[in-house]
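Only one structure is covered here, and it is reproduced in the block below.
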Amino acid sequence: MPKKEKQSLKPIIFLLILLVLLFIIIIAAVRMSFLLGYDLSISLSPGDISLQLTNNQPVELTFNLETSNKIECTALCEYSFKDLSNNDVIESETVILEPKQTLSRNYSLVSPELGTGQKIYNFEVKCKNQKSLFCPSAEKNIIKSSLVTLNYDLTTEEKIIKPVSKEKLENLLELLREADLGVKESNQISEIIYSNEIEPEKIALTTQFDETSLIMENLKYLWAKEYYTQLYLELNQSYEDNLTKLNNDIYSFNQTLAGFIKINDYFIDFFNKVMEENQSLAYYINQTEDYGFINNFNNLLDEFNTNNFSDYSSLFEEIKGLEKDYNSLNLSLVGNETYDMELMPLLKDKILLNNLTIESNIETRLSENKPVCCIFGECNPCCNDESCSNDPKTFPIIFIHGHAVNKDTSPEQMLNSFDEIQSKFAENGYINAGIITAYSKDTEYNQGEWGLSGKPITVRATYYYELVEEDGKLVLTPRKSDDIDVYAERLKYIIDLVKYRTGKSKVNIVAHSMGGLVSREYLKKYGEDSVNKLILIGTPNNGITTKIYSLCRILGEKKECDQMKQGSSFLYNLNNFKLISVAVYTISGRGCDMDGLDGDGIVLFESSKMDNVKDFEINGICPELLSYLHSDMLDPEKYPETYKYLEKILND
């Protein structure tokens, strides 16, 4: 190639080399920005919803999702709206969103037609960047969810008629119980003094009682199922009149039976009198050969023993006739001879009503119809008493993030650190309540609302927000340049808010990195009454090394870094404070070389441990630049041991 042509190509080659270098620099810068935390973030509003409805009341819900992303990235998002009460998926879909694109979804709900209680719904979205040359994302899922508690109550009309219906129905049940006792008394007596003449009336009364009992069961069903309006309409005066008449008829019938008992006992007394005077009667018969009385007596006795008489009135007349005949006999004749008298035995005893055992199994008090809360396909009375409040199995979990490596990282991105673990807990019976801040509203919530289901809830929380007044309005503003003492104060508001919403006396805290120091400072400053267990993951309890401290001051917030430095006065005071009642656990990472010492890439293994505290170890690696075991420990796919340790500690 001629020299002149070679010289003309030099600028082109130089330009190409420059373009390649520029391209490499751009790619490296983009990759570095992702490593420093400038990855996908998403916002979901509203963050949570509390609905206070009456029966059969419709409501419209709208969820808005927006992605905040680099212009060269698109996000793959999966969303779902679930009815957690019935374990049903109402809707689910996968969509691709461009940066700053908004997705809105609307849903229509209707509160249950009957009763009082709570249903729970959850809207959840998982988004991740689609990896490409200019979007070197880690493709980590970012998860946001919104918890919807639908609390339903009776209408104003139902609240008025419910106690009225209850009083009326319980009065009817009292009358029914009275009738039940009367019918059972009739049946027991009639078995003893059986007579054909009483059977038709006994059958009629029993049939009427059974029919009335069935009606009352239907009314009780309406009460139990909380059909208060229908019950109120059914409870007309005729039921009370019919039951009163039935009780009067049963009473009249039992009075008739009581008269028969008197006839029964009258004949037995007469028999005993004859037996007492049997020798005089026998002597009389032997002397007079008058067998008329004894024959008539035996015949009547046989009828009496076998219930072979037409009716009790006729029986009584025959007894009175025999008694008259007996009294007319001259039994004053007395001899020394002894004679046998052929008298039939008596096979019956006197009837003692006091010996009858009569009990009714009719309950006259109606159930209280407590509010019903349904979760994961099971419905139970809502958990709102003191035993629920103090049950450690239902204490909520608050996930507290750590220090923002990059001072420009938003609080929203910091909240993502626990999203996979929170989702893992949701798969195993916990309720995902999403994210909460120290300034989340509680005015729309009833106290204990989140705890009514009896299942523990989980929330992710951040101490990186504060309320600032702007143009006469309070605005929630990120504030990450304060010290740990201020963060502990914000954590107090978070804990108080979670206790209020759940109605629980204590919470469990799972804290990562500096979040553990914030939690310990909270306990030191405000006491241990509100915390059950504290689990510290990768927390620099004994400080960070000089090298990490230097890096921290360059990228992060200086106040936080100064307090976390080994030998700081903050750590000295914190470690001299000893916890008494709170159970503390540490999960420490090891496997990364930190200038010849073992650790998780950010915190030394020995610095994470605490005296007299149960410690669990995570063995791992720090695979690449700015990728550390310290943060990877929170990924259940990379290190499932972390979740297993958490589950073991919380269930212990």
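The values are calculated or read from the model by the stated rules, or taken from the named source; none is laboratory data. This is a predicted model, so every value here is computed, not measured. In this analysis, Cβ positions are derived from the backbone assuming ideal geometry, glycine residues included, and neighbour counts consider all displayed protein chains. Just the protein is used for accessible areas: all its heavy atoms, side chains included, with ligands, DNA and RNA removed. Shrake-Rupley method; radii C 1.70, N 1.55, O 1.52, S 1.80 Å.
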Report, to the nearest 10°, how far helix 514-526 tilts away from the longest principal axis of the Cα atoms in the chain, using its own Cα long axis and a range of 0 to 90°. 60
Mean separation of Cα contacts under 8 Å (at least 6 apart) over the residue count of segment 507-652, i.e. the relative contact order in percent, is 21
About the Cα centre of the chain, what is the dipole size in debye to 20, counting +1 per Lys and Arg Cβ and -1 per Asp and Glu Cβ, all else neutral? 6220
Using alpha carbons only, how many angstrom separate the centre of segment 236-304 from the centre of segment 520-568? 98
Taking only Cα atoms, what is the 0 to 90° angle, nearest 10, from helix 3-35's long axis to the longest principal axis of the chain? 30
Output the relative contact order of segment 463-549, whole-number percent, from Cα pairs under 8 angstrom with separation of 6+ residues. 25
Just the C-alpha atoms of segment 356-401: what Rg/Rh do they give, with Rh taken as the Kirkwood radius? 1.29
Stretched out fully, how many nm does the piece from V95 to L347 gain, at 0.36 nm a residue minus the Cα gap? 81.5 nm
Could you tell me which residue out of L331, L346, Y284 lies farthest along the dipole of segment 187-346 toward its positive end? Charges go on the beta carbon: Lys and Arg +1, Asp and Glu -1, centred on the Cα centre. L346
Given charges of +1 on the Cβ of Lys and Arg and -1 on the Cβ of Asp and Glu, with all other atoms neutral, how large is the dipole of segment 545-589 about its Cα centre, in debye to the nearest 20? 100
Students often check this: by mean Cβ neighbours within 10 Å, which of 506-517, 122-133, 342-353, 390-401 ranks highest, and how do the rest follow? 506-517, 390-401, 122-133, 342-353
Table column - 3J(HN,Hα) (Hz), segment 549-566, Karplus curve with 6.51, -1.76, 1.60, x for Gly and Pro: 4, 5, 5, 4, 5, 6, 9, x, 8, 5, 4, 4, 4, 4, 6, 8, 5, 4
With an 8 Å Cα cut-off and a minimum separation of 6 or more residues, compute the relative contact order for the chain in percent. 11
Per residue, how large is the accessible surface of the chain? Use a 1.4 angstrom probe and give square angstrom. 50
Along the Cα→Cβ direction, 7 angstrom out, place labels at K320 and S238. What is the inter-label distance in nm? 4.4
What whole number of Å gives the distance from the Cα centroid of segment 137-193 to the Cα centroid of segment 363-438? 29
Whole-percent carbon and sulfur contribution to the accessible surface of segment 419-462 (1.4 Å, no ligands, DNA or RNA) stands at 38
Semi-axis lengths (Å, descending) of the ellipsoid that matches the C-alpha gyration tensor of segment 526-652: 23, 21, 12
How are the C-alpha pair distances of segment 258-389 spread across 5 Å bins, as whole percents from the shortest bin up? 2, 8, 14, 14, 10, 8, 6, 4, 3, 3, 3, 3, 4, 4, 4, 3, 3, 3, 1, 0
How many angstrom lie between the C-alpha centres of segment 444-463 and segment 608-652? 26
FRET efficiency, Q287 to Q188 (Cβ-Cβ, R0 41 Å, nearest 0.05): 0.30
Given R₀ = 45 Å, what would the calculated FRET efficiency be for V164 paired with E277, taking r from the Cβ atoms and rounding to 0.05? 0.10
I'd like the carbon and sulfur percentage of the solvent accessible area for segment 124-226, probe radius 1.4 Å, heavy atoms only, ligands and nucleic acids excluded. 53
Using the alpha carbon gyration tensor of the chain, what are the three equivalent-ellipsoid semi-axes (square root of 5 times each eigenvalue), largest first, in whole Å? 92, 28, 21
Given Cβ point charges of +1 (Lys, Arg) and -1 (Asp, Glu) and nothing else, what value in debye, to the nearest 20, does the dipole of segment 551-633 about its Cα centre take? 400
0 to 90° range, to nearest 10: angle between helix 292-306 axis and the chain longest Cα axis: 10
Counting only protein heavy atoms with a 1.4 Å probe and every protein chain in place, the carbon and sulfur fraction of the accessible surface of segment 274-370 in whole percent equals 42
Between E470 and E386, what's the calculated FRET efficiency when r is the beta-carbon distance and R0 is 56 Å? Round to 0.05. 0.85
